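Notes for the one structure printed next.
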Amino acid sequence: MALRILSSVILIPPLLLLLLHGTVTWVFFLLLPISAILLYEWHAMAGHLSWLRLAVAIGIAWFLLLNQWLGSLIPMELPVFLYVMFLFVSIMPQYRDHWQLGMKIGHPLTGIIYCIFPLIMLLEVYHRMGGELILFLLLVIWATDSGALFIGRWLGRRKLAVAISPGKTVAGFWGGLACGGIVGMVAASPLSLPGGWITGGLVGTVLSLLGQLGDLAESMLKREAGVKDSGRLIPGHGGLLDRLDSLLFAAPALYLLLRYWDWHP
């Protein structure tokens, strides 16, 4: 626990500085190594890492990020559509069995959709609105993770999904959801988000829910792969995929709020 807190203390301040005072170019160059590490962990979890397939996947990821940085020559509707279809296929067993797509570990296509498309959407959010909305998202996710951890340890008796993640409890789930909603309410006014604290709380709750679903999804991936963590990059946290699993599910929702609801400062 102490190592986990220390890692957060070291990593969070420069991230906040980048979000609030950086530029879209800085964020783009930060996402390049992040995307490569995520894809490496995705392919490595399959247990039969192909460096050629990984190199091709990273090349595609960097091309997509470059396209977004230069002005989205490829319409954003395409990654949004593919991401939604990916989620649909992933939760429908009959499609997973038929197409062997879904959440198949190491599959290059699903790796790009699962790991990279949310980063593209985050880059677009930053490009259009700056870092305030991303900061809001991160605060909600951090509050959710912390609330689920501490409330789950304090009150957790009934398991949430033993077959997927034995450590998660129902109390932790509701505690994380409540903390995410409360932080959304509190953060809405300082970040000048429209709709006041009520809308901030509702959006925070939705993002918190999706973040926890993302956490469960990654736990399912690791269970299928037979690994405890996606990697060992961050002391106390495991791999980068372990740290960003909630973000990968919640980021597309934030983009959709910006795009179709026009929810921004």
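A few notes on this one:
- The listed residues are Val125, Val162, Val140, Val186, and the only one of them that is modelled with pLDDT under 85, out of contact with any Lys or Arg (no Cβ under 7 Å at 6 or more places or on another chain) and β-branched (Val, Ile, Thr) turns out to be Val162.
- Test: residue in region 92-107 that is modelled with pLDDT under 90, surrounded by fewer than 16 Cβ atoms within 10 Å (Cβ to Cβ) and in a loop (DSSP other than H, G, I, E, B): yes
- Positions within region 211-225 being within 11 Å of the chain's Cα centre (by Cα), closer than 18 Å to Ile113 by Cα and surrounded by 19 or more Cβ atoms within 10 Å (Cβ to Cβ), in sequence order: Gly211, Gly214, Asp215, Ala217, Glu218
- Scope region 209-228; condition touching a residue at least 40 places away in the same chain (Cβ under 8 Å), hydrophobic (A, V, I, L, M, F, W, C) and touching a helix residue (DSSP H, G or I) at 6+ places or on another chain (Cβ under 6 Å); matching residues: Leu210
- Matching entry among Gly231, Gly200 (being over 19 Å from Leu248 (Cα atoms), in contact with a helix residue (DSSP H, G or I) (Cβ under 9 Å, 6 or more places away or on another chain) and either modelled with pLDDT under 95 or not in a helix (DSSP H, G or I) (or both)): Gly200
- Test: Ser208 is in contact with a Leu (Cβ under 7 Å, 6 or more places away or on another chain), at pLDDT 90 or above and either among the acidic types (Asp, Glu) or surrounded by 19 or more Cβ atoms within 10 Å (Cβ to Cβ) (or both): yes
- Region 149-208, residues that are of a type in the set (S, T, N, Q) and either in contact (Cβ under 8 Å) with a residue 40 or more places away in the chain or within 22 Å of Arg243 (Cα to Cα) (or both): Ser165, Thr169, Ser192, Thr199, Thr205, Ser208
The values are calculated or read from the model by the stated rules, or taken from the named source; none is laboratory data. Please read all numbers here as calculations on a predicted model, not as lab measurements. Glycine gets a Cβ as well: all are built from the backbone with ideal geometry, and neighbour counts include every protein chain shown.
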